[in-house]
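Student: Please find one structure pasted underneath; my questions will follow.
The values are calculated or read from the model by the stated rules, or taken from the named source; none is laboratory data. Computed from a predicted model, the values in this text were never measured in an experiment. As a convention, Cβ positions derive from the backbone with ideal geometry for all residues, glycine included, and neighbour counts pool all protein chains shown. With ligands, DNA and RNA removed, areas are computed over all heavy atoms of the protein, side chains included. Shrake-Rupley method; radii C 1.70, N 1.55, O 1.52, S 1.80 Å.
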Amino acid sequence: MINLLLSSMMLAIEAQKVVELRMVRLAWGGPEGWAEAQSMVTEKVSAAGEAMVTLSSGGSPEMVVARYREHVAANTKRLAAP
C-alpha cells in the first residue's frame, strides 16, 4: 500500500513536467500544437483503456501506476527533444 502511495505521488510530480511541456507546445500553436492536442486526447483514451484491461484481468493498481509512469516518462522525453 505504501508503494502505491509513493508511486502515485511520483506520478503526480512527474506528470507536471509533461503538463508544462504540452502547454508550451500548445501555446506555440500551428501544426505542432494541433498535433499535440490530438495526441494528448488519443493517449489519454488509450491509457485509460489499458488501465481498465489491466485491472479487469487481475492486475494491481500498482501495475497501472507503473505503466502510467512509463507513459509519462516517454512523453517527457519526446516533448523535451529539440
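Student: Determine, yes or no, whether ALA74 is modelled with pLDDT of 95 or more, surrounded by 11 or more Cβ atoms within 10 Å (Cβ to Cβ) and out of contact with any helix residue (DSSP H, G or I) (no Cβ under 9 Å at 6 or more places or on another chain). Write out each step before concluding.
Tutor: Numbers: modelled with pLDDT of 95 or more: yes; surrounded by 11 or more Cβ atoms within 10 Å (Cβ to Cβ): yes; out of contact with any helix residue (DSSP H, G or I) (no Cβ under 9 Å at 6 or more places or on another chain): yes.
So ALA74 fits the description; yes.
Student: Now a separate question. Test MET63 against the criterion of being open to solvent by 90 Å² or more (accessible area, probe 1.4 Å) and farther than 20 Å from ALA81 by Cα, and give yes or no. Can you show your working first?
Tutor: Working: open to solvent by 90 Å² or more (accessible area, probe 1.4 Å): yes; farther than 20 Å from ALA81 by Cα: yes.
So MET63 fits the description; yes.
Student: Which residues, counting only those in segment 47-60, are open to solvent by less than 70 Å² (accessible area, probe 1.4 Å) and in a helix (DSSP H, G or I)?
Tutor: Scanning segment 47-60 gives ALA47, ALA48, GLY49, GLU50, ALA51, THR54.
Student: How many residues are touching a residue at least 24 places away in the same chain (Cβ under 8 Å) and small (Gly, Ala, Ser) if we restrict to segment 28-59?
Tutor: The qualifying residues number 1.
Student: Identify, please: which residue in segment 22-46 is among the hydrophobic types (A, V, I, L, M, F, W, C) and over 16 Å from HIS71 (Cβ atoms) and is, among those, surrounded by the fewest Cβ atoms within 10 Å (Cβ to Cβ)? Spell out the reasoning first.
Tutor: As a first pass, look at segment 22-46 and keep what is among the hydrophobic types (A, V, I, L, M, F, W, C): 23-24, 26-28, 34-35, 37, 40-41, 45.
Cutting the leftovers down to over 16 Å from HIS71 (Cβ atoms) gives us 23-24, 26-28, 34-35, 37.
Numbers: MET23: 11, VAL24: 12, LEU26: 14, ALA27: 8, TRP28: 11, TRP34: 12, ALA35: 11, ALA37: 14.
Restricting to residues being among the hydrophobic types (A, V, I, L, M, F, W, C) and over 16 Å from HIS71 (Cβ atoms), the top hit is ALA27.
Student: Going through segment 1-21 one residue at a time, which ones are in contact (Cβ under 8 Å) with a residue 40 or more places away in the chain, of a type in the set (S, T, N, Q) and closer than 15 Å to HIS71 by Cβ?
Tutor: To start, the set of residues in segment 1-21 that are in contact (Cβ under 8 Å) with a residue 40 or more places away in the chain comprises 3-4, 7-8, 10-11, 14-15, 17-18, 21.
Subsequent filtering for residues that are of a type in the set (S, T, N, Q) retains 3, 7-8.
Hits for segment 1-21 are SER7, SER8.
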